[in-house]
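Written out below as structure tokens is the structure these notes cover.
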4 protein chains.
Amino acid sequence: MASLNKVMIIGNVGGDPEMRFTPAGHPVTSFSVATNRTINTQGAEPKKETEWFNVVAWEKLAEQCNQFLAKGRLVYVEGRLQTRSWDGQDGQKHYKTEVIANRVMPLDKRQTAVGEIATGAEATGEISPDDIPF
Amino acid sequence: MASLNKVMIIGNVGGDPEMRFTPAGHPVTSFSVATNRTINTQGAEPKKETEWFNVVAWEKLAEQCNQFLAKGRLVYVEGRLQTRSWDGQDGQKHYKTEVIANRVMPLDKRQTAVGEIATGAEATGEISPDDIPF
Amino acid sequence: MASLNKVMIIGNVGGDPEMRFTPAGHPVTSFSVATNRTINTQGAEPKKETEWFNVVAWEKLAEQCNQFLAKGRLVYVEGRLQTRSWDGQDGQKHYKTEVIANRVMPLDKRQTAVGEIATGAEATGEISPDDIPF
Amino acid sequence: MASLNKVMIIGNVGGDPEMRFTPAGHPVTSFSVATNRTINTQGAEPKKETEWFNVVAWEKLAEQCNQFLAKGRLVYVEGRLQTRSWDGQDGQKHYKTEVIANRVMPLDKRQTAVGEIATGAEATGEISPDDIPF
DNA sequence: TTTT
DNA sequence: TTTT
């Protein structure tokens, strides 16, 4: 029963966020974040490895992400990991792992007044667990 | 360039860990960890949602995980997320997201003397980036 | 403006928690947590170093801590650091650093049914910022 | 024995870092970091609360902090908490809590080429536990 | 003041 | 595939 599922990333937003609404009217915003890691291949030149995260925000946080984030911005994202699975046309299982955000915070000074974007609580899919459009 | 990619989980080991060796002789241990979340569907009875993580440990940490972990144990795992992709037989992209561990710590008292399992540094794939068997 | 202040500890509760109430009736529970670190003094035998944390919980989380925690239990605590200062009788500044908890989770199986203790949000001093009794 | 002692902060450096050397020649750099929290006093205007952290870095990380950080820069700091105590002239116990950093990462673009500052391992006082000048 |  |  004792459980922790926490992800913390700092990286650059890969594209402008996209906001949609569930049938029940809950806003959901998704965007990607790239994190980079430098691998010291001793000998050769250091190699860069990029890891992409799919981030999903719900409710008020979804609206703030949609309003304040944009392609290229540096952000801090905190949340939990969630893997969804489905069957492909070929009968194979497919998996997609996403970060369900409970805090998103721009770290650069670009654009509009931003301030801190944060949900008090995990304003997430819990609210509408079987109501997710994508 | 500024980047953070951190995962922290506390959960139960889903099965006995499996250790393999890369062609170059590096030990790699993998195991699954389940985290549970209780969703308060206001009205009906609370629903349980289980999230499964695939954890991979390298080198000395791999050996310690193999030696001390076992199905059912409660563990703390810290690491970074890594998604690998490949093309299925049907031409579709497949993805698998794993936690590359840099710290694993049993939290229960079961079994042998355990102590703390921790790599000093991220003793991971960096060491043998193009040497991964699975 | 962009800010993160996060502490995560796993350790043993040093004594039974103590719950008090602010003049305005808000419950506050405090307890200590010990974390241990093993220092490898290369050569001599490894040395143990204990770090003590003062943890403070508010509102519903305060009540849960008071009810379920006890001396010796293993807990996970997440929160933010807060340092309070005051002037000693001698005119010197004194400081006390505490962890204001927003999540507390027992990790052992001792005692009563425990389940997960967690505030949805940071149910902390924000609620009664100028209302703190100790 | 199972223990976690982790602090993660994002904030602004309060002053230029200061590097010293232990008698044994180990570099130690210290600097302060301010994190801000906005308290919504429902009713009145939101209040700002600043929390100051004393950060200490050792060895190679100390040199990098000394070289790349400066007053005002936005940084991510990860480390562990350590409280030192001593007796005041008045016989009272005094306490100072510090963050012993194992990772420091500038988040803004100011100044020189910065890149990522990170120790592979916790390059900390372990190395010279009884060798600390301040 | 905890724990192994 | 775990745990309570």
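All of (1) at pLDDT 90 or above; (2) surrounded by 16 or more Cβ atoms within 10 Å (Cβ to Cβ); (3) more than 12 Å from chain C (Cβ to nearest Cβ) hold for D:Val114 with one exception: (1). Close Cβ contacts (under 6 Å, 6 or more residues apart or on different chains) running from residues in region B:1-19 that are farther than 20 Å from A:Val77 by Cα to residues that are open to solvent by 10 Å² or more (accessible area, probe 1.4 Å) and among the charged types (D, E, K, R) comprise B:Val13/B:Lys71; B:Gly15/B:Lys71; B:Asp16/B:Lys71.
Of all residues in region C:18-42 being in a loop (DSSP other than H, G, I, E, B) and open to solvent by 30 Å² or more (accessible area, probe 1.4 Å), which is nearest to DNA strand E (Cβ to nearest atom)?
First, the residues of region C:18-42 that are in a loop (DSSP other than H, G, I, E, B): C:22-26, C:40-42.
Filter again for open to solvent by 30 Å² or more (accessible area, probe 1.4 Å), leaving C:23-26, C:40-42.
Numbers: C:Pro23: 26, C:Ala24: 28, C:Gly25: 27, C:His26: 23, C:Asn40: 15, C:Thr41: 17, C:Gln42: 20 Å.
Out of the qualifying residues, it is C:Asn40.
For region A:73-95, residues that are surrounded by 13 or more Cβ atoms within 10 Å (Cβ to Cβ) and either of a type in the set (Lys, Arg) or under 14 Å from the mean Cα position of the chain (by Cα) (or both) total 11.
Against the definition (among the hydroxyl-bearing types (Ser, Thr, Tyr) and more than 9 Å from chain A (Cβ to nearest Cβ)), how does B:Ser3 come out, yes or no?
Details: among the hydroxyl-bearing types (Ser, Thr, Tyr): yes; more than 9 Å from chain A (Cβ to nearest Cβ): no.
So B:Ser3 fails the test.
Quickly run through region C:66-89 and pick out the residues that are part of a strand (DSSP E or B) and within 11 Å of another protein chain (Cβ to nearest Cβ).
Hits for region C:66-89 are C:Leu74, C:Val75, C:Tyr76, C:Val77, C:Glu78, C:Gly79, C:Arg80, C:Leu81, C:Gln82, C:Thr83, C:Arg84, C:Ser85.
When B:Glu51, B:Glu63 are checked against the criterion of being assigned to a strand (DSSP E or B) and either closer than 30 Å to D:Ile10 by Cβ or away from DNA strand F (no atom under 14 Å from the Cβ) (or both), B:Glu51 stands alone in meeting it.
The set of residues in region A:90-102 that are more than 7 Å from chain B (Cβ to nearest Cβ) and modelled with pLDDT under 90 comprises A:Gly91, A:Lys93. Across region D:121-134, a minimum of one residue is classified as of a type in the set (Phe, Trp, Tyr), open to solvent by less than 70 Å² (accessible area, probe 1.4 Å) and at pLDDT below 95.
The values are calculated or read from the model by the stated rules, or taken from the named source; none is laboratory data. Remember, it's a predicted structure, so these values are computed and weren't measured experimentally. Here the Cβ is made from the backbone with ideal geometry for all residues, glycine too, and neighbour counts use every protein chain on show. Just the protein is used for accessible areas: all its heavy atoms, side chains included, with ligands, DNA and RNA removed. Shrake-Rupley method; radii C 1.70, N 1.55, O 1.52, S 1.80 Å.
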